[in-house]
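Visitor: Okay, here's the structure, questions in a sec.
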Amino acid sequence: MTDAAALLDVRSFSLGFPTDAGLARVLDGVDLAVGRGEIVGLVGESGCGKSTLVSSILGIMPRGAQVLGGRIDLDGENLLDIGEAELSARIRASRIGFVPQDPFQSFNPLFRVGGQILEVMRWHAPASAGGTGKAHRQHLIRALERLGMPDPETALERYPHELSGGQLQRLTIACAMACEPELILADEPTSALDVTTQQQILVHLNELARERQVAVLLVTHDLGIVAQFCDSVAVMYAGQLVETMPARAIVDGARHPYTRMLLACHPDREGALTGIPGIVPDLTQMPGGCRFNPRCPSAMDVCSARTPRASRSPESCVRCWLYEASSTAEASIAAE
């Protein structure tokens, strides 16, 4: 899709944290677009910045975080220019729904889960969900039924500690969907669920995207989910997007060595599993040039000398010196 058609449009966004060892550039020049009715999968190892990007879109940044450049647009409005009070009143829950990875941190243990969700709906649910507490409750029960929650009315009367992780996750997902947002940010939304329920949740997210034109940014480690449910995929490494492509092309069309190595780690692939040597670098001590070069089996001299530029096609983008002309690579080394 073109950026002009995007509901969510992240452009050249960079975020840093001051540390004793210097500035940690946690996100560096991120470009990401999600259109209405589109599901974009965001993948990468733990510690690569995926959850930090989601938090930045929500405007929930840790204390001390510094926006170093770029913008985050929701339907043309830069979210970075909106204050905390307005974000809470007008954007979060109302226009952007969030499904966190850990459902146990989503609810106050002192109150029944139903009351907590209904309070969110009271302030943020649209007219289509009904204007009263009773109508909101029925709307929520129907959402839970679609998500496969057994006996949803009883579940709403329970405290968080009385529910399993899977039940809490379904309640969290229902809460994000109940206010009918335009965009859903789902950070590993099925991590606490069994395989059958995972499928049910993902099918429902797919229906939301297709039927109601909801935009979905899905953070996941499961490339099988990406291939089955997503329209496109963005691969993040050490705070940078290294490759974007249509999800249908991920198995045979991946070009960046990091993407190919992630695929080789997937248990559904034929042949022996292979790991990725080394670890994600310390964000205060990034390697020169391409950040993946110390772990890359295809690394060349230029990879540690210069940062690769984006090589773009109509549907994909890759940041890797393997796709630069050899003369460009040689010229870059000579310029150092």
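Just so you know, all these numbers are worked out from the coordinates, no wet-lab data involved. Quick caveat: nothing in here was measured; it's all calculated off a predicted structure. Cβ sites come from the backbone with ideal geometry, for glycine too, and all protein chains shown count toward neighbours.
Visitor: If you take every DSSP beta bridge fully contained in the chain, what fraction is antiparallel? Give it as a percent rounded to 5. If you can, show how the numbers build up before the last one.
Guide: Values: 30 of 48 bridges.
Of all bridge pairs located within the chain, approximately 60 percent are antiparallel.
Visitor: Evaluate E = 1/(1 + (r/R0)^6) for residue 322 and residue 228, where r is the Cβ-Cβ distance and R0 equals 22 Å; express this FRET efficiency to the nearest 0.05. Could you put the intermediate results ahead of the total?
Guide: On the way: r = 28 Å, r/R0 = 1.28.
For residue 322 and residue 228, the calculated efficiency is 0.20.
Visitor: Between residue 89 and residue 213, what length comes free when the chain is fully extended (0.36 nm per residue of separation minus the Cα-Cα distance, one decimal in nm)? The partial results should precede the final answer.
Guide: Values: separation 124, 0.36 × 124 = 44.64 nm, distance 2.28 nm.
Computed gain between residue 89 and residue 213 is 42.4 nm.
Visitor: Here's something else I'd like to know. Taking the radius of gyration and the Kirkwood hydrodynamic radius from Cα positions alone, what is the Rg/Rh ratio for region 140-272, to two decimal places? Walk me through the numbers before you get to the answer.
Guide: Working: Rg = 16.6 Å, Rh = 16.3 Å.
Computed over Cα atoms, the ratio is 1.02.
Visitor: Right, here's the next one. Determine the dipole magnitude for region 113-175: charges of +1 sit on the beta-carbon of Lys and Arg, -1 on that of Asp and Glu, nothing else is charged, the reference point is the Cα centre, and the result goes in debye to the nearest 20. Please report the intermediate quantities before stating the final value.
Guide: Details: 7 positive and 6 negative charges, 42 e Å.
Charge dipole, region 113-175, about its Cα centre: 200 debye, nearest 20.
Visitor: Let me ask you something else. How large is the translational diffusion coefficient of region 210-281 in µm² per second when you combine the Kirkwood radius over alpha carbon pairs with Stokes-Einstein at 4 °C and 1.567 mPa s?
Guide: Numbers: Rh = 13.3 Å.
After rounding, the answer is 97 µm²/s.
Visitor: Taking amide H positions as placed 1.01 Å from N in the peptide plane, with prolines and chain starts having none, which residues 5 or more places from residue 42, or on another chain, fall under 5 Å of its amide H?
Guide: Amide H neighbours of residue 42: 218, 219, 220, 234.
Visitor: Helix-only estimate, please: 222 nm mean residue ellipticity of the chain, summing -39500 (n - 2.57) across DSSP H runs of length 4 or more and dividing by its residues, to the nearest 500. Don't skip to the answer; put the middle values down first.
Guide: Numbers: 11 runs with 106 residues, N = 336.
Theoretical 222 nm ellipticity from helices: -9000 deg cm²/dmol.
Visitor: Quick one: Cα convex hull volume of region 113-175, Å³ per residue?
Guide: Working: hull volume 4.5 nm³, N = 63.
Normalising the Cα hull of region 113-175 by residue number yields 71 Å³.
Visitor: For helix 165-178, what angle does its Cα long axis make with the longest principal axis of the chain, in degrees from 0 to 90 and rounded to 10?
Guide: 90 degrees
Visitor: Let me ask something additional. How would you order 140-146, 180-186 from highest to lowest mean count of nearby Cβ atoms within 10 Å?
Guide: On the way: 140-146: 19.4, 180-186: 21.9.
So the peptides 140-146, 180-186, ranked by packing, come out 180-186, 140-146.
Visitor: While we're on this one: Taking the Cα atoms of region 82-219, what is the range of coordinates along each of the three principal axes, in descending order and whole Å?
Guide: 37, 31, 26
Visitor: What's the local net charge at residue 56, with K and R +1, D and E -1, over the other residues with C-beta under 12 Å away? Don't skip to the end; give the middle numbers.
Guide: On the way: positive: 50, 71; negative: none.
Once all neighbours under 12 Å are counted, the net charge is +2.
Visitor: Could I have the simple spin-label model distance between residue 196 and residue 21, label points 7 Å from Cα toward Cβ, reported in nm to one decimal?
Guide: Computed distance between label sites residue 196 and residue 21 equals 4.7 nm.
Visitor: Return one number: the angle in degrees, 0 to 90 and rounded to the nearest 10, between the long axis of the Cα atoms of helix 133-146 and the longest principal axis of the Cα atoms of the chain.
Guide: For helix 133-146, the angle is close to 50 degrees.
Visitor: Stretch residue 266-residue 119 to full length: gain in nm at 0.36 nm per residue minus the Cα-Cα span? Can you show the working numbers first?
Guide: Values: separation 147, 0.36 × 147 = 52.92 nm, distance 4.09 nm.
Residue separation times 0.36 nm, minus the Cα-Cα distance, leaves 48.8 nm.
Visitor: Between region 292-323 and region 238-264, how many Å separate their Cα centres?
Guide: Comparing the Cα centres of region 292-323 and region 238-264, I get a distance of 12 Å.
Visitor: What list of whole percents do you get for P(r) of the chain, with Cα-Cα distances grouped in 20 Å bins up to the one holding the largest distance?
Guide: 29, 56, 14, 1
Visitor: OK, next. I'd like the orientation of helix 195-212 relative to the chain: the angle between its Cα long axis and the longest Cα principal axis, in ° from 0 to 90, rounded to 10.
Guide: On a 0 to 90 degree scale, this one is about 90.
Visitor: On to the next question. Would you mind giving the three semi-axes, in whole Å and largest first, of the ellipsoid equivalent to region 168-236 according to its Cα gyration tensor?
Guide: Details: eigenvalues 58, 48, 25 Å².
They are 17, 15, 11 Å, listed from largest to smallest.
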